[in-house]
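**Student:** For reference, the structure I am asking about is given below.
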Amino acid sequence: MALAKERLLKVYKDMFMIRRFEEVIQEYAANGTIPGFVHLSIGQEACQAGVVEALQRTDYKFPDHRGHGAIALCGTDPKLVMAEIFAKATGINGGRGGSMHVNDLEYRNMGFNGIQGSTMVTCLGTAFASVYNKTKDVTAVFLGDGTLGEGACHESLNLAATWKLPVLYCLVNNQYAISTNYHDAHPQQELKTWGEGYEIPSCRIDGNDVEAVIETVEVAAEHARNGEGPALIEMMTYRWQGHFAGDPAAYRPEEEVAAWKAKDPVKKTRGDLMQKHGFSEEALTAIEAGIEADIAEMLRFSLESPAPKIEEALTFVYADREVEA
Ligand SMILES: Cc1ncc(C[n+]2csc(CCOP(=O)(O)OP(=O)(O)O)c2C)c(N)n1
Ligand SMILES: [Mg+2]
């Protein structure tokens, strides 16, 4: 079932925005303005935008280390997300978190941390809370092909399946964990079989097809909301850049990179808008120019914002009250 014209246009705008957002982050990570490690999701926009589009505002979202795009689409003002990545005091977390620790509980973006697989455990908490409190909120957790090999993932899948917790395992199979291809790290040809091993309904889809992502996640979310338990969705995609911004990624054959760039999810959606819904080149270019202006404003805000004050470095680190023994 194809998406309606207006909805496809909306997700195209989302995808175009996060593509440009990430390209700006890439540029300012390369010139040393952004501190620390940055992991980009260029090429994976359909997974990021599609999953968020299929969810409700009150659903819990656990992004991963490559999750700027999903985070910027959860409802938080994207300029506060960009400022956070630039480690500025105006960032959504006061510049204390940076690229890997952006959270906003108002929109139920539960954030990430440096430990791969950790959110596979913590996501069970919000999913259990939904069951306990009898709400219909689902929990979506992003994880990669490499992370799936963490022992904690077995525990997560096992408990979610046994207790029928409303967890959507959004497995972004971008085919590499740092420099290791997933075929060299897993015996299975298709990683969805991890879910099947725990009797979790699981599927593999084209992760560059945003319509397929939205439709699949929406169906899985509906089942989870109705108490039918978790689902695992393996989304096949590719990261265009190296593992982190600055990694030359010499471990990947050039032809492989070129073949996946030819399957650009942003271009595909743009083409669908033109071919299936009659949008003109001029109309889309005008829409893109508007988004470019938004991105320029986010960048200006991020660059001009102050860094957190050095004398406040320990604020939020220690509790400011006596704790009763
Ligand atoms: C427990 C743990 N082990 C190792 C690492 C180092 N590390 C960070 S990202 C990563 C690869 C993750 O690969 P994948 O899950 O496929 O996600 P991708 O980077 O491809 O999006 C590794 C090994 C870590 N952060 N935490
Ligand atoms: Mg990967």
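The values are calculated or read from the model by the stated rules, or taken from the named source; none is laboratory data. On a predicted model such as this, the values are computed, not experimentally measured, just so you know. For neighbour counting, all protein chains shown are included, and Cβ atoms are generated from backbone atoms with ideal geometry for every residue, glycine included.
**Student:** Kindly indicate the residue of the range 122-172 that is within 13 Å of ligand 2 (Cβ to nearest atom) and over 18 Å from the mean Cα position of the chain (by Cα) and also farthest from Met110 (Cα to Cα) among those meeting that condition.
**Tutor:** Gly149
**Student:** Looking at the range 27-41 only, could you name the residues that are within 16 Å of ligand 1 (Cβ to nearest atom) and of a type outside the set (Gly, Ala, Ser)?
**Tutor:** Those that are within 16 Å of ligand 1 (Cβ to nearest atom) and of a type outside the set (Gly, Ala, Ser): Phe37, Val38, His39, Leu40.
**Student:** Could you list, in sequence order, the residues of the range 157-183 that are away from ligand 1 (no atom under 14 Å from the Cβ) and surrounded by 14 or more Cβ atoms within 10 Å (Cβ to Cβ)?
**Tutor:** Hits for the range 157-183 are Leu157, Leu159, Ala160, Ala161, Trp163, Lys164, Leu165, Pro166, Val167, Leu168.
**Student:** Examine the range 19-37 for a residue that is modelled with pLDDT of 95 or more, of a type in the set (A, V, I, L, M, F, W, C) and in a loop (DSSP other than H, G, I, E, B), and state whether such a residue exists.
**Tutor:** Within the range 19-37 (the criterion being modelled with pLDDT of 95 or more, of a type in the set (A, V, I, L, M, F, W, C) and in a loop (DSSP other than H, G, I, E, B)), the answer is yes, since at least one residue qualifies.
**Student:** Looking at this structure, is Tyr12 assigned to a helix (DSSP H, G or I), under 18 Å from Thr285 (Cβ atoms) and in contact (Cβ under 8 Å) with a residue 12 or more places away in the chain?
**Tutor:** Here the answer is yes, as Tyr12 does meet what is asked.
**Student:** Determine the pairs where a residue that is within 16 Å of His183 (Cα to Cα) and acidic (Asp, Glu), located within the range 143-159, has a partner that is part of a helix (DSSP H, G or I) and more than 12 Å from ligand 2 (Cβ to nearest atom) with Cβ atoms under 6 Å apart, the partner being 6 or more residues away or on another chain.
**Tutor:** Here the result reads none, with nothing in the range 143-159 linked to a residue that is part of a helix (DSSP H, G or I) and more than 12 Å from ligand 2 (Cβ to nearest atom).
**Student:** Please state which of the following conditions His186 fails to meet, knowing it meets all the rest: (1) within 15 Å of Phe62 (Cβ to Cβ); (2) within 16 Å of ligand 1 (Cβ to nearest atom); (3) assigned to a loop (DSSP other than H, G, I, E, B).
**Tutor:** The number of the failed condition is (1).
**Student:** Give the residues of the range 234-249 that are more than 11 Å from ligand 1 (Cβ to nearest atom) and either of a type in the set (S, T, N, Q) or assigned to a strand (DSSP E or B) (or both), sorted by residue number.
**Tutor:** Correct list: Glu234, Met235, Met236.
**Student:** Still on this structure: Out of (1) in contact (Cβ under 8 Å) with a residue 60 or more places away in the chain; (2) not in a loop (DSSP other than H, G, I, E, B), what's the single condition that is false for Met120?
**Tutor:** So the condition that Met120 fails would be (1).
**Student:** While we're here: Out of (1) within 15 Å of the chain's Cα centre (by Cα); (2) at pLDDT below 95, the odd one out for Ile233 is which?
**Tutor:** Going through (1) within 15 Å of the chain's Cα centre (by Cα); (2) at pLDDT below 95 one by one, Ile233 breaks only (2).
**Student:** Which is outside any loop (DSSP other than H, G, I, E, B), in contact with a strand residue (DSSP E or B) (Cβ under 8 Å, 6 or more places away or on another chain) and either surrounded by fewer than 22 Cβ atoms within 10 Å (Cβ to Cβ) or not aliphatic (A, V, I, L, M) (or both), of Lys61, Lys79?
**Tutor:** Criteria check complete, one pass: Lys61.
**Student:** Next up: If the requirement is being of a type in the set (Lys, Arg), farther than 23 Å from Phe279 by Cα and in contact with a Ser or Thr (Cβ under 8 Å, 6 or more places away or on another chain), which of these qualifies: Arg57, Arg66?
**Tutor:** The unique qualifying residue is Arg66.
**Student:** Does Gly95 fit the bill of being crowded, with 19+ Cβ neighbours inside 10 Å, of a type outside the set (A, V, I, L, M, F, W, C) and in a loop (DSSP other than H, G, I, E, B)?
**Tutor:** Working: crowded, with 19+ Cβ neighbours inside 10 Å: yes; of a type outside the set (A, V, I, L, M, F, W, C): yes; in a loop (DSSP other than H, G, I, E, B): yes.
For Gly95, the condition - crowded, with 19+ Cβ neighbours inside 10 Å, of a type outside the set (A, V, I, L, M, F, W, C) and in a loop (DSSP other than H, G, I, E, B) - is met.
**Student:** I'd like the full set of residues that are under 21 Å from Leu171 (Cβ atoms), out of contact with any helix residue (DSSP H, G or I) (no Cβ under 6 Å at 6 or more places or on another chain) and assigned to a loop (DSSP other than H, G, I, E, B), limited to the range 128-159.
**Tutor:** Correct list: Gly146, Glu150.
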